[in-house]
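Take a look at the structure below.
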Amino acid sequence: MSTATEAIRIIPKSPGANDEGQWLEVSMGPQHPSTHGVFRMDVVLDGERIVKLKPVFGYLHRNHEKIAENESYLGSMPYTDRLDYFCSLTNNWAYALAVEKLAGIQVPERAEYIRIITAELTRFQNHACLIGFLTQDMGASGTPLMYAFREREKILDLFESLTGARMMCNYMRFGGCRVDLPAGWIEQARAAVASFPRFLDEFEQLLASNEILMARTQGVGVLSKEFAVNAGVSGPVLRASGVNYDVRKADKYGIYDRFAFKIPLGEHGDTYDRYMVRLLEMRESLKILELALRDIPAGPIVDPKTKIRGFRPKPGEAYAHIEAPKGDLGFYLISDGSSNPYRYRVRPPSLVNLTVLEELCIGHNVADVVVILGSIDIVMGEVDR
Amino acid sequence: MDENLKSELRKQGIVATTLQELYNWGRKNSLWPLNFGLACCAIEMIAASMARYDMARFGAEVFRPSPRQADLMIVAGTVTKKMAPQVVRLYNQMAEPKYVISMGACAISGGPFKQGYNVLKGIDRYIPVDVYIPGCPPRPEALIDALMTLQKMIDRQPLTGPDRPRHLQADAPSEFIVPEFGAHDLDPSQNPEVWQAPLVNISLAGTDDAGND
């Protein structure tokens with residue numbers, strides 16, 4: 001097999017009929033500034049219009065699942081950080097939840113609160129950066145992304161003082177968290193959270209009624225309710241199509257049932273709705289954060305009965321899923337009683353959401369593909385694993 | 001030129017320099033990186049170019065999506081075997097003088113994913129790397145440090161003589177073999193012109209070179 005990829009190929013529109021014009025097959029990626037990582041799309045174009053789109057994955061296949069089957073249960077925790085590398089803490093949580101379900105481990109209340117705080121901070125920075133990247137793909141080169149990264153650095157500072165790492169936190173443990181909050185962390189987090197509404201107002205004022213953004217996104221890439229459900233789409237992409245499904249409400253994992261928050265829903269299922277749902281979700285995250293930072297109790301952060309060395313859950317299987325910023329992130333584990341899982345499977349939201357890409361893009365111009373792809377919010381580390 | 005004379009002239013408003021210093025000064029302060037992220041490290045690369053770390057201070061904020069316009073390739077992330085041919089091809093398409101920063105554990109050696117069947121054990125097997133940054137992922141400060149290390153390296157390069165950089169040597173290669181998928185692995189599995197397996201000199205206790213006790 002040759003590695004050479006033809007960048008552009010001319011193909012006849014219909015076989016046998018040469019004079020009806022031609023289609024152009026263009027390979028977008030894997031090195032492309034708007035593909036959010038190493039992702040390739042084989043796009044067939046009729047002029048500027050998209051006729052077919054074939055996604056090509058696997059450029060970042062890092063053997064995560066196979067490595068995890070040869071690692072101890074805890075040894076896979078750092079690898080989960082690198083799945084969706086924007087949101088390491090939610091990945092940690094989903095994996096910890098699956099193992100806790102497998103082994104029947106209880107989590108102390110303080111740890112549950114810390115998990116919710118870190119997860120909502122993760123969601124906030126993920127959505128902010130996503131909107132920044134989305135607008136950059138549309139040509140707003142820099143400003144919204146700079147603003148988003150300015151806020152992200154505040155959150156990363158919090159993560160760093162808590163876990164020691166900016167991005168790859170490796171923080172959750174089975175039955176709790178790794179270390180307790182450092183002194184003054186809560187006050188620092190409260191101050192950061194209090195500064196976010198101003199940023200959101202600014203962000204919304206800058207973008208939400210911007211004419212260029214509306215022209216580029218409204219009516220572009222419409223995902224119907226039925227198709228979204230049938231394709232298994234989850235997260236903000238699903239909710240933008242008007243389906244009220246959020247694992248935080250539907251499954252009530254952790255202690256999410258104690259918090260009052262709304263689920264923003266879209267109406268048209270277009271790119272603008274996907275953008276707007278995320279903007280509103282960030283405001284809801286702030287509500288949860290304010291409550292959680294107010295109510296967090298004192299106490300242990302890890303179940304003292306949990307074994308860390310020689311952890312061998314009983315044979316069985318478990319599936320746990322959470323509402324990660326990108327969607328419904330699940331981990332499926334089969335234990336055979338040994339120290340490493342017999343089967344380890346990740347249900348990545350990015351991959352499943354990406355399956356609707358062709359449906360959304362057909363009929364639009366080639367410049368809209370990057371906008372639609374940006375609004376789906378993929379991270380290749382999670383798609384290819 | 002005498003340093004005292006130089007500073008004396010500078011007081012008079014006259015700047016004296018050599019062609020080499022001027023040339024290297026211009027080159028080192030306008031490194032345009034290739035806008036090319038592979039994995040996690042790419043996010044830290046973006047963070048380094050954003051407001052807080054601001055790589056623009058060092059003249060390296062112009063990320064170019066086209067390899068034809070870039071001087072510096074930051075290999076930011078895991079290079080898989082499916083991606084390795086494309087990385088080498090992009091490097092070949094860049095115009096000389098070109099430099100490579102190998103960012104993060106994966107690009108150096110495969111990092112945490114080294115045991116994986118689809119992960120290349122270091123991009124330096126196919127292309128020459130100038131600066132390595134360890135870390136998983138390295139902080140933006142580490143990337144800036146690597147950039148400054150590269151700038152110092154460029155500043156020291158003589159324009160003549162046997163130590164002159166590759167782009168001034170007519171017979172030095174500027175393109176490297178693009179690997180292809182063979183029956184079992186990438187073919188070739190490394191470029192021997194660029195990389196050779198490090199030899200570990202093992203001598204058994206009590207045995208001399210001739211093999212006698």
Is it the case, given these coordinates, that B:V129 is modelled with pLDDT of 90 or more and more than 11 Å from chain A (Cβ to nearest Cβ)? yes
Check segment A:341-355 and report whether any residue there is modelled with pLDDT under 90, of a type in the set (A, V, I, L, M), closer than 30 Å to A:M138 by Cβ and out of contact with any helix residue (DSSP H, G or I) (no Cβ under 7 Å at 6 or more places or on another chain). no
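Return the residue satisfying two criteria in turn: it lies in segment B:68-84 and is at the interface with chain A (Cβ under 8 Å from one of its Cβ atoms) and in contact with a helix residue (DSSP H, G or I) (Cβ under 7 Å, 6 or more places away or on another chain), and of such residues it is farthest from B:S109 (Cα to Cα). Even if it seems obvious, please write down each step before you answer.
Narrowing segment B:68-84 to residues at the interface with chain A (Cβ under 8 Å from one of its Cβ atoms): B:77-78, B:80, B:82-83.
Checking the rest, the ones that are also in contact with a helix residue (DSSP H, G or I) (Cβ under 7 Å, 6 or more places away or on another chain) come to B:77-78.
Working: B:G77: 11, B:T78: 9 Å.
In this case the residue turns out to be B:G77.
So which helices (runs of 4 or more DSSP H) stay within segment A:181-278 end to end and still have 1 or more residues that are under 25 Å from A:A140 (Cα atoms) and at pLDDT 90 or above? Before the answer, list the steps.
On the way: elements: A:185-207, A:211-217, A:225-231, A:236-240, A:247-250.
Hits in segment A:181-278: A:185-207, A:236-240.
Within segment B:87-126, can you find the residues that are facing chain A (nearest Cβ under 9 Å) and either in contact with a strand residue (DSSP E or B) (Cβ under 9 Å, 6 or more places away or on another chain) or under 10 Å from B:V75 (Cβ atoms) (or both)? Before you say what the answer is, go through the steps one by one.
Going residue by residue through segment B:87-126, those that are facing chain A (nearest Cβ under 9 Å) are B:87, B:89-90, B:106, B:112-113, B:115-119.
Correct list: B:V87, B:L90, B:C106, B:F113, B:G116, B:N118, B:V119.
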Tally up the residues in segment A:355-371 that are at positive phi and crowded, with 20+ Cβ neighbours inside 10 Å, please. 0
Tally up the residues in segment A:201-222 that are closer than 27 Å to A:L286 by Cβ and either touching a residue at least 60 places away in the same chain (Cβ under 8 Å) or β-branched (V, I, T) (or both), please. 7
Wholly enclosed helices (runs of 4 or more DSSP H) of segment A:31-116 bearing at least 3 residues at pLDDT 85 or above and within 11 Å of another protein chain (Cβ to nearest Cβ): A:64-69, A:77-81
For segment A:117-143 the number of residues that are in a loop (DSSP other than H, G, I, E, B) and crowded, with 23+ Cβ neighbours inside 10 Å is 0
Any idea which of (1) on the phi > 0 side of the Ramachandran plot; (2) out of contact with any Ser or Thr (no Cβ under 7 Å at 6 or more places or on another chain); (3) crowded, with 17+ Cβ neighbours inside 10 Å is the one A:G29 doesn't satisfy? (2)
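The values are calculated or read from the model by the stated rules, or taken from the named source; none is laboratory data. Keep in mind that this is a model prediction, so the values were computed, not measured. Please note: Cβ atoms are built from the backbone with ideal geometry, for glycine as well, and neighbour counts cover all protein chains shown.
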